[in-house]
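Below is one structure, written out as structure tokens; the observations come after it.
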Amino acid sequence: MLAGCGSLIPSGHQVKEVSAWRQGTYRLDPDHASLVFSLDHLGFSEYVGRFNVLDASLDFDPEKPLTTRLSAEVDIAGLDVNNPVFAEELKGPSWFDAATYPAAYLESTEIILTGDNSARLHADLTLKGITRPVTFDVTFNGGANNLLSGKYTLGFSAEGTIRRSDFGISYLVPAIGDEVKLQISAEFLRASED
């Protein structure tokens, strides 16, 4: 049924200019968000997984984009590597130790604009009880009234790299890569339409 909806949405309907976006508090739309990770596997391939349970809030003012505040939480139990048995191993004490550390947290510390629709996000990431600074390159995909949900929506994508050993996840380094690439795609819904 949704396949036919594409023809109802005009191409390029979202507004790309950050200054035209609506100020407010936004919540992550969990149905339109993804956190994908990849790392070297024995030099043979990039091993890819994702986290399926995410939550985040965004305070945004287009007149003062540098004051943007982002808080995010990742449920470690939502780890998905398309292999349930191995996913349980990854949640165990040699890797994420989800029983002791059930969530990872991200708190923005600084936003630096790098272009009309791009920025560098500096944040503190807490993973496995260890907090370290991280950096993401962010692209602003646009903002507009979502024609499917009827809600005002902002869209972002981001990429960054962390070293898992910095967070106490050093099992099998260097055979399994230490550097982990993170790719995020997210839509945020404005909390109120006043």
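The values are calculated or read from the model by the stated rules, or taken from the named source; none is laboratory data. These figures come from a predicted structure and were not determined experimentally. Side chains included, ligands, DNA and RNA excluded: accessible areas come from the protein's heavy atoms. Shrake-Rupley method; radii C 1.70, N 1.55, O 1.52, S 1.80 Å.
How many percent of all Cα-Cα pairs in the range 101-194 sit more than 21 Å apart?
46
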_Between the range 20-63 and the range 119-148, the Cα center-to-center distance that results, in Å_ = 7
_For TYR152, residues with placed amide H under 5 Å, excluding near neighbours_ = ASN146, ARG190
*Carbon and sulfur together cover what percent of the accessible area of the range 47-194 at a 1.4 Å probe radius?*
52
_Please list, short to long, the whole-number percent of alpha-carbon pairs of the range 31-101 in consecutive 5 angstrom bins beginning at zero._
3, 14, 18, 20, 16, 11, 8, 6, 4, 1
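Keeping all protein chains in place, calculate the accessible area per residue for the range 133-194 (probe 1.4 angstrom), answer in Å². Mind dumping the intermediate values first?
On the way: 3110 Å² over 62 residues.
Spelled out: the 1.4 Å probe surface of the range 133-194, per residue, equals 50 Å².
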*In angstroms, what radius of gyration and Dmax does the range 8-148 have, counting Cα atoms only?*
17.4, 49
*³J(HN,Hα) across the range 154-166 via Karplus (A = 6.51, B = -1.76, C = 1.60, θ = phi - 60°), whole Hz, x for Gly/Pro?*
10, x, 9, 9, 8, 9, x, 9, 10, 9, 5, 5, 5
